[in-house]
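All remarks here apply to the structure that follows.
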Amino acid sequence: MRALHLRRPTPVAATATALASMMVLTACGAGSRTGAENAAEVECDVEVDSPTTVNVLAYNSSAIDPFTNTMVASCTQGDLTVAHEPIDFAGQVQRTTATLAGDSGTYDVIETYGYIIPQLAADGSLVPLDDLVDTYGEEYDLGALNEGMRQAMSYDGQLYALPMQAQMYVMAYRADVFDEAGLEPPTTFAEMRDAAAALQESGDFAYPIALPLLASGDIVTAYDAALGSLGVDFVDVDTMSANFDTPEAAQALEELLSLVPYMDPQVTTFDQPSVQQQMYNGDAAMAIMFSGRMNDLVQESNTQFFDDFGFAPPPVVVEGAPYQYSALSVDGWSLPQNSPVPDDVLFEVIATAVSEEASEASVPAAYPARDGLVDEDSSPYAAAANDAIDNAPPAEPYPWTAVISNEIRPVVAEVVLGQTSVEDGTARMQQIATDVLAGY
């Protein structure tokens, strides 16, 4: 696995706001197409003194389910029961808010990701895991977990989640259509526009491009990816000033707008599953989604085009941009401070779920945190994913990032919908971010 850049995750001023902001990175989305047969058989000799139930909160997706299924199937034995109810991502956000809100909660293990770790850690909601890693690291071979992913699940020098898997943007395209038209996978937004125009002119596709630009979530992730491709963060940390008054902030919006004529007019209602469905149906010829969606495309049971897809790294926004148009999300397992179950018991359960066997069973649906498991023999999109990890905009792990993301999201949507000009939009975002930063 590649070394991950760490410049861009992060959270908020109050836990409820932070968790609402989780909707910004609807990463991975919900809707699993990975059955329980993906559960690995892993040794899980966790000892408990009395009948104990460990309730796990994790949304259903093809990339997450293999790990959850392994945890439930392997560790439910003797007096220990590990329970998990199917739930979508929005439901997970709501229940995470509720379970962390009081002195005691409903869940004992929570699926988290780098975007939300800083605030939950700063709020004291999660158990720091460093001492537990020292105790059990050798037994569970935790040293094989990618160091970059461990850093993504850390805050202020402490680990708050065992990394499970990463997702990054990958481009899926109809290789058969591109070959017939003499097109290559685009490496820039300009090439995307050219390819889309050619496919529109051929009459085969009214809207060749599919992107998740859901106005209530994905759209700000898309803007962040475009701005990140240009090498700019939301905030200049050295000066503690917002960057929405920079030329790149406007350019990122303009480049997103340049793709709109090639997308379905209802694109701001499309989340990741909706984009995936466009590809299933043959309504679009190229899409950029999180990698956890890619394996579903090559399943014959999902689409008649299962054998026609190709995969490529996402393009850069403009020629020569320092990073690709991408977002990187690292998922992991965290322990709530308010769980009555002993930390040692919970840690061994989550360590089981990131074991080598569980990680191997997750490929190709997921990109596991253990080094060296994803290659072209194990995954149809491995080359694209590995390239994307190398070239994704680094993380921005600060407690204001998610708040700013959540607050500017409606403005980004208004610009993409043509309701607000780029100039007015960036000015409003600059003021919003400046007001947020005043609280830090």
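The values are calculated or read from the model by the stated rules, or taken from the named source; none is laboratory data. This structure is a prediction, so every number in the text was calculated from the model and none was measured. Cβ sites come from the backbone with ideal geometry, for glycine too, and all protein chains shown count toward neighbours. SASA here: full protein model, heavy atoms, side chains in, ligands and nucleic acids out. Shrake-Rupley method; radii C 1.70, N 1.55, O 1.52, S 1.80 Å.
What span do the alpha-carbon atoms of the chain cover on each of the three principal axes, reported in whole Å from largest to smallest?
69, 52, 32
How many nm separate the modelled label positions at residue 135 and residue 258, each set 7 Å beyond the Cα in the direction of the Cβ?
Placing both labels 7 Å beyond Cα along the Cβ direction yields 5.5 nm.
Within 10 Å, count the other beta carbons around each residue, average over each peptide in 151-159, 53-61, 222-230, and list them highest first. Intermediate results must be reported in sequence, preceding the final value.
Details: 151-159: 19.8, 53-61: 22.4, 222-230: 26.0.
Going by the mean number of other Cβ atoms within 10 Å, highest first, we get 222-230, 53-61, 151-159.
How large is the charge dipole for the stretch 340-430, taken about the Cα centre, if only the Cβ atoms of Lys, Arg (+1) and Asp, Glu (-1) carry charge, to the nearest 20 debye?
Numbers: 3 positive and 17 negative charges, 112 e Å.
Computed about the Cα centre, the dipole is about 540 debye.
Provide the packing ranking of 168-175, 233-240, 45-52, i.e. peptides ordered by the mean count of other C-beta atoms within 10 Å per residue, highest first.
Averaged packing, sorted descending, gives the order 168-175, 233-240, 45-52.
I need the peptides 380-391, 206-217 ranked by packing, meaning the mean over residues of other C-beta atoms within 10 angstrom, with the highest value on top.
Numbers: 380-391: 20.9, 206-217: 22.9.
Output ranking for 380-391, 206-217: 206-217, 380-391.
To the nearest 20 Debye, how big is the dipole of the stretch 285-398 about its Cα centre, given +1 on the beta carbon of each Lys and Arg and -1 on that of each Asp and Glu? Mind showing how you got there, number by number?
Values: 2 positive and 19 negative charges, 84 e Å.
The dipole of the stretch 285-398 has a size of about 400 debye.
For the chain, with only Lys/Arg (+1) and Asp/Glu (-1) charged at the beta-carbon, what is the dipole magnitude about the Cα centre, in debye rounded to 20? Kindly include the intermediate steps, with their values, before the conclusion.
Numbers: 12 positive and 66 negative charges, 253 e Å.
Charge dipole, the chain, about its Cα centre: 1220 debye, nearest 20.
Looking at the chain, send over the antiparallel percent of its DSSP beta bridges, to the nearest 5. Write out the running numbers ahead of the final one.
Details: 29 of 39 bridges.
Close to 75 percent.
On a 0 to 90° scale, report how tilted helix 65-75 is relative to the longest principal axis of the chain, with both axes built from alpha carbons and the result rounded to the nearest 10.
Helix 65-75 and the main axis of the chain meet at about 10 degrees.
What whole-number value in Å² describes the accessible area per residue of the chain for a 1.4 Å probe? The partial results should precede the final answer.
On the way: 15990 Å² over 440 residues.
Dividing the accessible area of the chain by its residue count gives 36 Å².
Taking the Cα centroid of the stretch 385-440 and of the stretch 230-293, what is the distance between the two, rounded to the nearest whole Å?
Cα centroid to Cα centroid, the span is 11 Å.
In the stretch 81-153, which GluC sites (Glu not before Pro) are in a loop and have at most 14 other Cβ atoms within 10 Å, using DSSP for the loop call? If you can, show how the numbers build up before the last one.
Details: sites: 111, 138, 139, 147; in loops: 138, 139.
Within the stretch 81-153, the qualifying GluC sites (Glu not before Pro) (loop, at most 14 other Cβ atoms within 10 Å) are 138, 139.
Taking all protein chains as present, what is the carbon and sulfur share of the accessible area of the stretch 222-351, in % to the nearest whole number, probe 1.4 Å? Please list the in-between numbers first.
Working: 1840 of 4220 Å².
Summing carbon and sulfur atoms, their accessible area is 44 percent of the total for the stretch 222-351.
Of the heavy-atom accessible surface of the stretch 123-167 (probe 1.4 angstrom), what whole percent is carbon and sulfur? All intermediate terms of the calculation are to be shown ahead of the outcome.
Values: 680 of 1860 Å².
Answer for the stretch 123-167: carbon and sulfur cover 37 percent of the accessible area.
Using a Förster distance of 45 Å, how high is the FRET efficiency between residue 103 and residue 299, based on the Cβ-Cβ distance and rounded to 0.05? Each step should come with its number before you reach the end.
Numbers: r = 45 Å, r/R0 = 0.99.
For residue 103 and residue 299, the calculated efficiency is 0.50.
If you fit an axis through the alpha-carbon atoms of helix 422-437 and take the longest principal axis of the Cα set of the chain, what angle between them do you get, 0 to 90°, nearest 10?
Between helix and principal axis, roughly 20 degrees.
Taking 7 Å along the Cα-to-C-beta vector as the label spot, tell me the residue 306-residue 194 distance in nanometres, rounded to one decimal.
3.5 nm
Between residue 377 and residue 356, what is the label-to-label distance in nm when each label sits 7 Å out along the Cα-to-Cβ direction?
About 1.5 nm, to one decimal.
Roughly to the nearest percent, how much of the accessible area of the stretch 62-119 is carbon and sulfur, given a 1.4 Å probe?
Values: 890 of 1920 Å².
Whole-percent figure for carbon plus sulfur exposure: 46.
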